[in-house]
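Asker: Please read through the structure below; I'll follow up with questions.
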Amino acid sequence: MVTRADIGVIGGSGFYSLLDDAEEIELATPYGPPSDVVTVGRIGSRSVAFIPRHGRDHRFPPHRIPYRANLWALRSLGVRQVLAPSAVGSLRAEYGPGALVIPDQLVDRTSGRVQTYYDIDGAVHVSFADPYCPSGRATAVRTARSGGWETVDGGTLVVIEGPRFSTRAESQWYAANGWSIVGMTGFPEAILARELALCYTSLSLVTDHDAGVEAGQGVTHDEVLEFFAQNVTRMRTLVAETVEALPDERTCPCGSALDGIKLPFELP
Ligand code: ADE
């Protein structure tokens, strides 16, 4: 039987242990290989495919992640809903390390990343006004809160190019615009999911106050890694419970993102 999965998780390597009856699948895509072999297994009654975003050995920094291959690989396994846990910095004094933000908006401050599958003759323009799946967001917020997690429902994630962190002035500018959190991987992941008509939900764990909020030296890589590692069990539980709580049938608009658009190739 061909291995299939309904739900995709793109996250850190701490998520392998979530999956029962796990099988590793090496996948090729028109965009090259994904970040690593895809692990497909079960969480309760749901079939889940997991990709470690940075590779198992963390070889891909944010600006070199094979984003197109990752989303394509998930769709080719049958995935239609994607959960994307990641570490972010907070742009607001009131959200400290440990807060969970389920953003509803995104600002792209990346540069030079390929951000479309439709980089070909002809025009495919996909709506992206609301970049995240409303149903995935509501499920994640409900699940996190019922587990007692301080959860921010909504907010704007600024995605920077990295790999450096922001200057204090950049960070203060993001905050002055009313944006809430800053990360390095949420784009183009979100738009590529939309271009494949997938549901995409960001589970953003605040690991630090970004440079504009905090006096002192600013954020360090070690600080981010250490905090994320301390919270990985909590994040794993949230991902597992959200997977089980996601609806079987999609009623959100994400699945119709490509309706009426003449695609230049067939989706997997
Ligand atoms: N990931 C975690 N913390 C971050 C920060 N302050 N800026 C960008 N990406 C991050």
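Values in this text are rule-based calculations from the coordinates and carry no lab data. For clarity, every value in this text was computed on a predicted model and none was experimentally measured. Cβ placement follows ideal geometry from the backbone for every residue including glycine, while neighbour counts extend to all protein chains displayed.
Asker: Could you give each residue of segment 84-93 its phi-based ³J(HN,Hα) in whole Hz, using Karplus coefficients 6.51, -1.76, 1.60 with θ = phi - 60°, and x for Gly or Pro?
Answerer: 10, x, 7, 8, 9, x, 9, 9, 10, 4
Asker: While we're on this one: How much mean residue ellipticity at 222 nm does the chain get from its helices, if each DSSP H run of length 4 or more adds -39500 (n - 2.57) and you divide by all residues, to the nearest 500 deg cm²/dmol?
Answerer: Working: 6 runs with 66 residues, N = 268.
-7500 deg cm²/dmol, from helical runs alone.
Asker: With N denoting the number of residues in segment 26-151, provide Rg(C-alpha) divided by 2.2 N^0.38 Å, to two decimal places.
Answerer: Details: Rg = 16.5 Å, N = 126, 2.2 N^0.38 = 13.8 Å.
Here the Cα radius of gyration is 1.19 times the empirical estimate.
Asker: Starting at the first residue of segment 101-110, write each ³J(HN,Hα) from the Karplus equation 6.51 cos²θ - 1.76 cosθ + 1.60 with θ = phi - 60°, in whole Hz, x for Gly and Pro.
Answerer: 10, 10, x, 10, 9, 9, 10, 8, 10, 7
Asker: In whole angstrom, and with the biggest value first, how far do the Cα coordinates of segment 127-179 range along each principal axis?
Answerer: Largest to smallest, the principal-axis extents are 37, 32, 23 Å.
Asker: Could you tally the net charge around P264, taking each other residue with its Cβ under 11 Å from the Cβ of P264, Lys/Arg +1 and Asp/Glu -1? Write out the running numbers ahead of the final one.
Answerer: Working: positive: K262; negative: D119, D121, E266.
Combined, the nearby Lys, Arg, Asp and Glu give -2.
Asker: What residues have an amide H closer than 5 Å to that of V213, excluding those fewer than 5 places away on the same chain, when H is modeled at 1.01 Å from N in the peptide plane?
Answerer: Amide H neighbours of V213, under 5 Å, 5+ apart: none.
Asker: Ranking Y118, Y132 by Cβ neighbours within 10 Å, fewest first, what do you get?
Answerer: Numbers: Y118 15, Y132 26.
If I rank by nearby Cβ atoms, fewest first, I get Y118, Y132.
Asker: Under 11 Å from the Cβ of F60, count the other residues' Cβ atoms, weight Lys and Arg +1, Asp and Glu -1, and hand me the total. Don't jump to the answer; show the numbers that get you there.
Answerer: Values: positive: R53, R56, R59, R64; negative: D36, D57.
Cβ neighbours under 11 Å give a net charge of +2.
Asker: So how far, in whole Å, is the C-alpha centre of segment 77-147 from the one of segment 1-53?
Answerer: The distance from the Cα centre of segment 77-147 to that of segment 1-53 comes to 19 Å.
Asker: Another question about this same structure. Could you work out the Rg to Rh ratio of the chain, with Rh taken as the Kirkwood radius (inverse of the mean 1/r over all Cα pairs)?
Answerer: Details: Rg = 17.5 Å, Rh = 18.6 Å.
Result: Rg/Rh = 0.94.
Asker: What ³J(HN,Hα) values, in whole Hz, does the Karplus curve 6.51 cos²θ - 1.76 cosθ + 1.60 give for segment 196-213 when θ = phi - 60°, with x put for Gly and Pro?
Answerer: For segment 196-213, the Karplus-derived couplings read 9, 6, 9, 6, 9, 10, 8, 10, 9, 8, 6, 9, 6, 8, 5, 4, x, 8 Hz, x marking Gly and Pro.
Asker: Something else now. Around I25, which amide H atoms from residues at least 5 apart in sequence, or from another chain, sit under 5 Å from its own amide H, with H modelled in the peptide plane?
Answerer: For I25, whose amide H was placed from the backbone, the distant partners under 5 Å are V38, T39, V40.
Asker: Something else now. If exposed GluC sites (Glu not before Pro) are those in a DSSP loop with at most 11 other Cβ within 10 Å, what is the longest stretch of the chain that has none? Walk me through the numbers on the way to the answer.
Answerer: Values: sites that count: E26, E94, E249, E266.
Counting only loop sites that pass the neighbour cut-off, the longest clear stretch is 95-248.
Asker: Follow-up question, since we're still on this one. If a/c stays under 1.5 just call it rounded; otherwise compare a/b with b/c (prolate if a/b is bigger, oblate if not). Do that for segment 88-174, with a ≥ b ≥ c from the square roots of the Cα gyration tensor eigenvalues.
Answerer: Working: a/c = 2.88, a/b = 1.29, b/c = 2.23.
Taking the square roots of the gyration eigenvalues as a ≥ b ≥ c, segment 88-174 is oblate.
Asker: So, one more: Over segment 1-92, what lengths in whole Å, largest first, do the semi-axes of the equivalent ellipsoid take, defined as the square roots of 5 times the eigenvalues of the alpha-carbon gyration tensor? Display every interim value, and only then the final one.
Answerer: On the way: eigenvalues 86, 53, 28 Å².
Result for segment 1-92: semi-axes of 21, 16, 12 Å.
Asker: Please compute the Kirkwood hydrodynamic radius over segment 220-268, one decimal place, Å, based on all pairs of different Cα atoms.
Answerer: Numbers: mean 1/r = 0.0678 Å⁻¹.
For segment 220-268, inverting the mean 1/r across all distinct Cα pairs yields 14.7 Å.
Asker: Taking the Cα centre of each part, how many Å lie between segment 198-240 and segment 155-182?
Answerer: For segment 198-240 versus segment 155-182, the Cα centre distance is 14 Å.
Asker: Would you please classify the overall shape of segment 121-268 from the alpha carbon gyration tensor, given that a ≥ b ≥ c denote the square roots of the eigenvalues, rounded means a/c under 1.5, and beyond that prolate means a/b larger than b/c while oblate covers the rest? Please list the in-between numbers first.
Answerer: Numbers: a/c = 2.27, a/b = 1.37, b/c = 1.66.
The shape class here is oblate.
Asker: Related question: Taking each full run of DSSP H in the chain as one helix, which ones are at least 15 Å long along their axis (Cα atoms) and have mean Kyte-Doolittle hydropathy of at least 0.0? Working shown, then result.
Answerer: On the way: long enough: 134-146 (18 Å, -0.68); 232-245 (19 Å, 0.27).
Taking the DSSP H segments of the chain (at least 15 Å long, mean hydropathy at least 0.0), we get 232-245.
Asker: If neighbour count is taken as other Cβ atoms inside 10 Å, put S202, S171, S166 in order from fewest to most. Walk me through the numbers on the way to the answer.
Answerer: Details: S202 29, S171 25, S166 22.
Arranged by neighbour count, lowest to highest, S202, S171, S166 become S166, S171, S202.
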